[in-house]
Every structure is written in C-alpha cells, then in structure tokens.
1. Across region A:384-413, what is the number of residues that are among the aromatic types (Phe, Trp, Tyr), under 16 Å from A:LEU62 (Cα atoms) and under 23 Å from the mean Cα position of the chain (by Cα)?
2. Need the failing condition index for A:ASP382 against (1) surrounded by fewer than 20 Cβ atoms within 10 Å (Cβ to Cβ); (2) modelled with pLDDT of 85 or more, just the number.
3. Please work out if A:ASP293 is more than 28 Å from the chain's Cα centre (by Cα), part of a helix (DSSP H, G or I) and more than 30 Å from A:LYS207 (Cα to Cα).
4. Quick check: is even one residue across region B:107-122 among the small types (Gly, Ala, Ser) and either under 30 Å from B:TYR253 (Cβ atoms) or touching a Gly at 6+ places or on another chain (Cβ under 7 Å) (or both)?
5. Yes or no: B:SER163 touching a Leu at 6+ places or on another chain (Cβ under 7 Å) and buried (at least 18 other Cβ atoms within 10 Å of the Cβ)?
6. Determine whether region A:9-21 contains at least one residue that is without any contact (Cβ under 8 Å) to a residue 40 or more places away in the chain and in contact with a helix residue (DSSP H, G or I) (Cβ under 9 Å, 6 or more places away or on another chain).
7. Do we have any residue at all in region A:37-48 that's facing chain B (nearest Cβ under 9 Å) and in a helix (DSSP H, G or I)?
8. Only residues in region B:301-312 that are within 7 Å of another protein chain (Cβ to nearest Cβ) and within 13 Å of A:ASP156 (Cβ to Cβ) count as the first member; pair them with residues that are among the basic types (Lys, Arg) and in a helix (DSSP H, G or I), Cβ under 9 angstrom, at least 6 apart or cross-chain, and list the lot.
Amino acid sequence: MALSLGFHIIFSCIGMVMPFFMAVAHYYWLKTDNVVFKNVTKAWSKGVAIFFATGAVSGTVLSFELGLLWPEFMKHAGPIFGMPFSLEGTAFFIEAIALGFFLYGWDRFNKWFHWFTGVIVGVSGLLSGILVVAANAWMNSPAGFDFVDGKYLNIDPIQAMLNDAWFSQALHMTLAAFVATGFAVAGVHALMILKGKNIHFHTKSFKIAAIFGCVAAILQPLSGDISAKDVAIRQPAKLAAMEAHFKTESSASLIIGGIPDEENKKVDYAIKLPGFLSFLAHGDFKSEVTGLDKIPEENHPPVTVTHFAFQIMVGMGMAMMLIALIYFLALWKKKQWLTSPWLLKLFVAATPLGFIAVEAGWTVTEVGRQPWIIYNVMRTADAVTPMPGIAYSFYLFSAVYISLAIIVAFMLYRQIKMVGTLYDKAE
Amino acid sequence: MLYIVITFLWASILLYLLLGGADYGAGIIELFTSRKNKDVTRQTLYGAIGPIWEANHMWLIIAIVILFVGFPVIYSTMSIHLHIPLTIMLLGIIARGTAFTFRHYDAVVDDMQYLYNTIFAVSSFITPLFLGIIAGSAVSGHIDPAADTFLSAYIFSWLHWFSVSVGLFTVAICGFLASVYLIGETKNDQDRLRFAHKAQFFNIAAVLCGILVFIAAYIEHIPLLEWVFGNWVGRIAIISATLSLVWMWSLLYQGKLALLRPLAGFQVTMILLTTTYKHFPNIVILKGGGYLSLLEHRGQEKTMEALGLALLIGSVFILPALFYLIYSFQKKPLGYPAEH
C-alpha cells in the first residue's frame, strides 16, 4: 500500500502539474505564433498522456487496495471520509474528458476552446490532488464523528472533509508537486541544452518549468512552517519523532542531522540550535515543546525513520530554495548567468531532489502517524486484512509498480531522444 | 437519497459494462484476429476509442467509490473474500491501460510494439473474465464468512463452475459489444463484413456461455432459473432482448447500421436487469443463506445524503462534457486508418 502510494504520488504530481506547463507553452504559441512553443506543447502533452494513464491506473488500483489491505479501516472510515473521494471521482472524470478533448482536439476545435480544455485538465487534476490529500489529512486529524464505545456515531462527512489538517496538508502537497515537477522537468531540459541539442526548444521548455518550480520552492518553506505549527498542536508525537525530541522542555533546541538512539533516548552527532524548535513549533523561543516522554511508549512512532525522512525533506527543500534564489537573481540582475553552463549543471544536479523530498515528506506524515491508522482512534494493526499470505500480494504489487516505473522512464527517454525528429525538425 | 445512490451505482455498473465492456471487447477481438488483419483492426479501434477510453473506465471508479462510501460492509466483505480475483483484475487493468497508452505514445516504433500489443490483447481478455468471476461469486452463495481454512475462505469463494461461466459469458458479451460498435466505424464493405462475422462469432459464444452459466447454476444449486424466469420483469426483459437480437441481425443483413449499437446496448441492459432485479436489494449472497443488502448494510443517513449530493453535482458537470466529447468525435472521427 505504502509502496503503491509512493509510486502514485510521483505519477500524479507530474500528471497534475505538467498540464499547467503545457497550458503556458500553448498560450505563448497562440499569442506569438512561434512554432517552437507549439512543439513544446505537443511534446509535453505526450508526457502528460503517459503520466495520466499510469496515474489513472495506479489510482484505480489504490481505490481497491484500500479495501484489499485495510478492510476493517474502510468499513468504518469509508462512510466518514468518503466525501472527498466521491468529489474526487468527479474531478478525475472531468480530467479524463478534458484530456480526451485536448490530446485529440488539435485543429478540430476553436483554438481557445482547445487551450481551455488543457487548462481544465490541470485544474481538475489539482482539485483531485487536494481532495485526496484532504482524505489523508482526516487520518491525521479525524473529525466529523463521535467515537463512543468503539462505535462511530453522528457521522458528518462534510465536517470530516474540512478537518483541521486539510488546508495545511493540501497547501504543502500542492506546492511540493509544483516544486518537484518543475525541478525534474527543468533538469531534463537543462541536460539537453548542455548536450547542445535543439537549443531553442529546450531553452523555452526549461524556462517555463524552472520558473514554476522556483516560485513554488520559495513559497514552500512558508507552508512548511504552517504545517509544523499545526502538527505541534494536533500531533505532538509526530513532531517529536520528526525532531527526535525525546524530552519535554521549554526553549527546546532544534536538532539538525544526528543519529537518534531510541534506546537511550538521545541523539548523537547532531547540531543543536537552542530555542529554535520552540520557535518553529509555537512561534516563541521560550515555549514548551512536548517530547516523547509525555507520550505512552506504545504510541511512539518509529523515531529514526521519521527523523531521517524529515531531515532529508527539509535539506532538499532548502537546497532547491537556494537554487531558486540564484535563478531569480540571474533573471533579474545577472543575465549572463542564464546561459552559463554552471547554472544549467546546478539544475541538472537538482533533477531528482524534489521527488526525493516528496517521498521523504510522505514518509514523515505516514510513519509519523504510526501506530495509528486513524490518529488516536484505530491502530494500523487492527485494520489489516485477515487473509494470510498478504505479503505475497505486497511483493506482487511491488514488482508491478517497479516495472511500471521502469517502463515509464524508458518511454520518457525515448520521447526525449526523439525530440529532434518529432517535434523540432528545424535544428 | 438512498435510492438515488443505488440508481447511480446500478447505472455506473451498466455504463461500465457497456462502454468499458466494448473497450475490453476491442482488445478481445484483437486476440481473435488473424495476423494479416491485425493492423486494420487496431487502427479502427484506435480511431473509435482513442479519445474516450480513459473516460470509459471512470465508471468503475465511480461504482467502487459508491460502494466504499455508501456500503462499506459490502465493500470490505468482498475485499476480504474476493481478494485474489480482485487482485488479478487489478493487474489486468494496470497492464491493459498502460499497454494501450504506451503503444501510441512510444516515440520509437520497434519490436516493443509487439510486446505492448500482446499485453494489451491478453489483459483485455483476463480483466473482464475476472470481473465476471467477481460478479458471479457475489451472488453464488459461495462466500462463507465463517470459513476457517485458506481454501474455503479465499479460493472456493470464487473458484467454481458458476462464477467461471459468468466470467466467460462476460468476455463474450464484451466481444459482441465491441464488434457491433466497430461495424459502425468501418468505411468499406470488406471491413464491415469482417466485424459482422466477429459479431456473429461472439453472439454464438455468448449464447453458449449463457447456457453454460445455467448448467453450472443448476449443478451448484443456484436458483438462477427462478431469478430470471420467475418474475414478469425477467421474462419481459429476456423476451424483448431476444426479439431485439433478431431484429438487429436482420437490420445488419439489410445493411442498415444506424440502430445496431442501441440494440446491442439494449440487449446487454436487459441481461443486467434480469440478473439483478430478482435479488435486489441483496447484492452479495453468502453461504448458508445470509446476504448483504443495499438497504440494510448502508452508511448512516448523513453519509448517504452527502454521497447522493456529490453524485448529483458530479453528473451535472460530467454528463454534458462527456456527451459533447463523444458527439464531437462521432461527427468528425479521427482519421481512418488512424492518423499519427
């Protein structure tokens, strides 16, 4: 399940962000009549089609896997947090229809209508993403029911959807999707420019993707701060695990790096910034931050994994923010940097960073919630299917997803290799 | 609201059977086409389903979301006891969807195409086979909540003659729907005749599999005859389906193609109606006479209201857009053979 989601999150991030890049390139084509923009749009639309198809099937599989793996969870949770899923069904359906119009609609509709269908693909994809994250947020911040004697009463699906965590999580995830996709796409095009292939084509593509990625990368730390403050209040155990914060204290220090020693409840080899954790969690250097000692042992999430994942996410995020600042400085003041190889090399190096951060962030939110599947309501162990041999099912899906990922990568490689013959014959 | 939700559930199953079924059928036809004709078949197929195939498969998602939001007990029971066929069906869905996309978007055309085509055709057969097996198992009375061995709980819940025959019947219906659908897409007599032969083949196959289903039901003491012929709705549906089938064939031989698709759709609708009408609202029949009912095993009132509302709002957006999509590509089809 986690693995399917791990793949799905990549497919769907790209599937929901690329249409926006595509729409921008398409807009420039319609406005400037520069055929390079048309070629970029077409090339990207192939990518969107590939990712949408894989995102759609992996999404279909997930909607079944929820039941196949967690029947007990779905039996109770389905009616409560189903609202975003039923709306998401609509958004996803619209996306499929709009994609049909867009991909097959060249030269057959009014050109602005055709452009508009491309925008709809992006907007509905984004909505689907937000809705699914709202459902996940509910698992972190259950709402919309009363849990009395093991029974789920007074269910209110709307209140469940608009739970306390939905906004901060959706904002963080949406920006993350833009950062990750922007940097990944920009990196690939930067590599092609460095190789001296189809320079105009790749320069234009690079610029659109880089600007999207960089704007989001600069905004992301702000949304991260909102999330951190939110988690500090709602899920102190998760925050404590993220920070490997074992002991409750005021003026708590922020721990950077280090290896958590779960047995002796300390962190070795870490840099400590006194008071900063208190500041990040509650906006005050003196405030008290709950540590793992205040939380019963059986409710502790795995500290090492959560802490490492969190460090990786933040590290990657910071690196990309730095690159983004350099890029904007270049755009604004230092035009000569834009064509220099080192800047492009920097982007090539940053290609995978966004998605590593996305996966790490996903690990933080899921592992950090353990041992609960519904925070403080149902334990993950109680939700799993009674069927024996479930591990085989897991291996099977792992194999399938890994091969899917390989094939998608292979397809993209072939698309990129063929740019010269398919999309940009001039050079 | 409850009945609105149930209507949506039934309608999305029907639409999935019709549209998704025709889609699977197209792959099944490819499997049963001689090598020299494969290219024409493939291109007709692409021209016919290219723009809408993603949308066709959304109906399954809608149906499954309705089940897990509105009828969680039914969803989780099926998920537990039919874990294996569901998993195989999912693998089929993954393989088919990706192979179909890949063969059109692979920038280099080489031997990989052969692989995509094989995967596409084979998974187009397996997926509806297992969809049929799942549907058959649900009403077969073989699902045993009290089972205590792995075989009885997770294997014999779905592996028996009745469900397998239902699976084969589903495959034949998909092939039939697709051939009738594709007749309307052809531009010359030769191709038209080829798809007409295919339609004939799958029509006969469906009748044979249908008989097999009844025999299996008889052997396994499933009162299928009672369900289908024991009430007026069932009898009228079966008679009108048969009459419309005769009418459809006579139209086809006269070369009148306009009504073929609606008639084939009507027949399949009638089949779904007869097989679901009698045991409504019981959607899953368990071993020992227990059942899971859409009226009893449903979510709380507020859930059903929110779900119904979401579905109504959704259909306001989805249906017009979907009709316009189908309409625009019917009016001016993609190139034939397909343009690239």
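The values are calculated or read from the model by the stated rules, or taken from the named source; none is laboratory data. Here the structure is a predicted model, which means the values were calculated and not measured. Reconstructed Cβ throughout: ideal geometry from the backbone, glycine too, with neighbour counts over all protein chains shown.
1. Step one: filter region A:384-413 for residues among the aromatic types (Phe, Trp, Tyr), giving A:392, A:394-395, A:397, A:401, A:410, A:413.
Subsequent filtering for residues that are under 16 Å from A:LEU62 (Cα atoms) retains A:394-395, A:397, A:401.
Pick out the ones that are also under 23 Å from the mean Cα position of the chain (by Cα) and you get A:394, A:397, A:401.
So the count comes out to 3.
2. Tallying (1) surrounded by fewer than 20 Cβ atoms within 10 Å (Cβ to Cβ); (2) modelled with pLDDT of 85 or more, A:ASP382 fails exactly one: (2).
3. Details: more than 28 Å from the chain's Cα centre (by Cα): yes; part of a helix (DSSP H, G or I): yes; more than 30 Å from A:LYS207 (Cα to Cα): yes.
Taking the combined requirement at face value, the residue satisfies it.
4. Step one: of region B:107-122, the residues among the small types (Gly, Ala, Ser) are B:107, B:121.
Still in the list and also either under 30 Å from B:TYR253 (Cβ atoms) or touching a Gly at 6+ places or on another chain (Cβ under 7 Å) (or both): B:121.
Yes, region B:107-122 has at least one match.
5. Details: touching a Leu at 6+ places or on another chain (Cβ under 7 Å): no; buried (at least 18 other Cβ atoms within 10 Å of the Cβ): yes.
So B:SER163 fails the test.
6. Here is the first cut: in region A:9-21, the residues without any contact (Cβ under 8 Å) to a residue 40 or more places away in the chain are none.
No, there is no match, as no residue in region A:9-21 is without any contact (Cβ under 8 Å) to a residue 40 or more places away in the chain and in contact with a helix residue (DSSP H, G or I) (Cβ under 9 Å, 6 or more places away or on another chain).
7. Among the residues of region A:37-48, at least one is facing chain B (nearest Cβ under 9 Å) and in a helix (DSSP H, G or I), which makes the answer yes.
8. none
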